[in-house]
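Worksheet: the structure to be examined is printed underneath.
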Amino acid sequence: MLVSRLVGASFEDVLRERVLGPLGMDDTGFQAADTARLATAYEMKDGQLLVSDPPNGQWSRQPAFPDGGAGLVSSVEDVVAFGQMLLSGGGGVLAPATVAEMTRDQLTAAQRANVWPGFSFLGERGWGYGVSVLQDGRYSWEGGSGTAWSNVPSQDLTVVVLTQRRGRDGFAPGLR
């Protein structure tokens, strides 16, 4: 991973030192520190609700490749801390200009017009750097297991939903 090579430390160590530690996000990592705190994750398959990841599953062990885009396990408190950091303009972890660019729609008209045939998940959304962006100023992230968080800057509000249930066809139900 590029960050690891640039800094000379593991990606998890860099995250912990520069983001997670300063924000007090002690429950966030690439594996759960205490699997007894994990919920069972479910998904619909062929009309049946099935276990997709038990507490001793994916998040109980270190992954082969720590993926910062879809590989962290966290708690409500930690996700709220991250959301509040963005709402406050970076909270000493990120520069305000970085937060502004992260939460601004970065898609061009040509990119919006060139979605996969039959698959347009954008709807009225745009895409910032790592978050989906709505025209009313809200921005959010939806995980693949029915988890989501959204910031509503006009109300100084962070909303967190951790259902642990994949939506129809494996997609998260999402905040819209």
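When the accessible area of the chain is split by element with a 1.4 Å probe, what percent falls to carbon and sulfur? Please report the intermediate quantities before stating the final value.
Details: 5850 of 10740 Å².
Accessible surface attributable to carbon and sulfur in the chain totals 54 percent.
Using the Kirkwood radius over C-alpha pairs as Rh, can you work out the diffusion coefficient of the chain via Stokes-Einstein at 10 °C, viscosity 1.306 mPa s, in µm² per second?
Using the Kirkwood radius from Cα pairs, D works out to 90 µm²/s.
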Inset, instruction - Mind giving me the FRET efficiency for LEU2 and SER154? R0 is 25 Å, r the Cβ-Cβ distance, nearest 0.05 is fine. - result: 0.10
Inset, instruction - Express in whole angstrom the spacing between the alpha-carbon centres of the range 145-159 and the range 49-70. - result: 23 Å
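Relative to the present Cα-Cα distance, how much length would full extension add between ASP13 and GLN58 at 0.36 nm per residue of separation?
On the way: separation 45, 0.36 × 45 = 16.20 nm, distance 2.02 nm.
Computed gain between ASP13 and GLN58 is 14.2 nm.
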Legend entry - Two-site label geometry, THR98 and GLN84: point separation in nm, points 7 Å out along Cα→Cβ: 2.0 nm
Legend entry - Label point distance in nm, VAL76-GLN111, each placed 7 Å from Cα along Cα→Cβ: 3.4 nm
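Using a probe radius of 1.4 Å on heavy atoms only, what accessible surface per residue do you get for the chain? Whole Å² is fine.
Values: 10740 Å² over 176 residues.
So the chain comes to 61 Å² accessible per residue, rounded to a whole number.
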Legend entry - Virtual spin-label span in nm between ASP136 and GLU124, 7 Å along Cα→Cβ: 0.7 nm
Inset, instruction - Would you mind checking the radius of gyration and Dmax of the range 31-96 based on alpha-carbon positions, in Å? - result: 15.5, 47
Inset, instruction - Over the alpha-carbon set of the range 49-140, divide Rg by the Kirkwood Rh and report the Rg/Rh ratio to two decimals. - result: 1.04
Legend entry - Over the chain: helical MRE at 222 nm, DSSP H runs n ≥ 4 each giving -39500 (n - 2.57), nearest 500: -5000 deg cm²/dmol
Inset, instruction - Assign unit charges at the C-beta atoms only (+1 for Lys and Arg, -1 for Asp and Glu), then state the dipole size of the range 1-125 relative to its Cα centre in Debye, rounded to the nearest 20. - result: 320 debye
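The values are calculated or read from the model by the stated rules, or taken from the named source; none is laboratory data. All values reported here derive from a predicted model rather than from experimental measurement. As a convention, Cβ positions derive from the backbone with ideal geometry for all residues, glycine included, and neighbour counts pool all protein chains shown. Quick note on the areas: whole protein, heavy atoms, side chains included, nothing else; ligands and nucleic acids left out. Shrake-Rupley method; radii C 1.70, N 1.55, O 1.52, S 1.80 Å.
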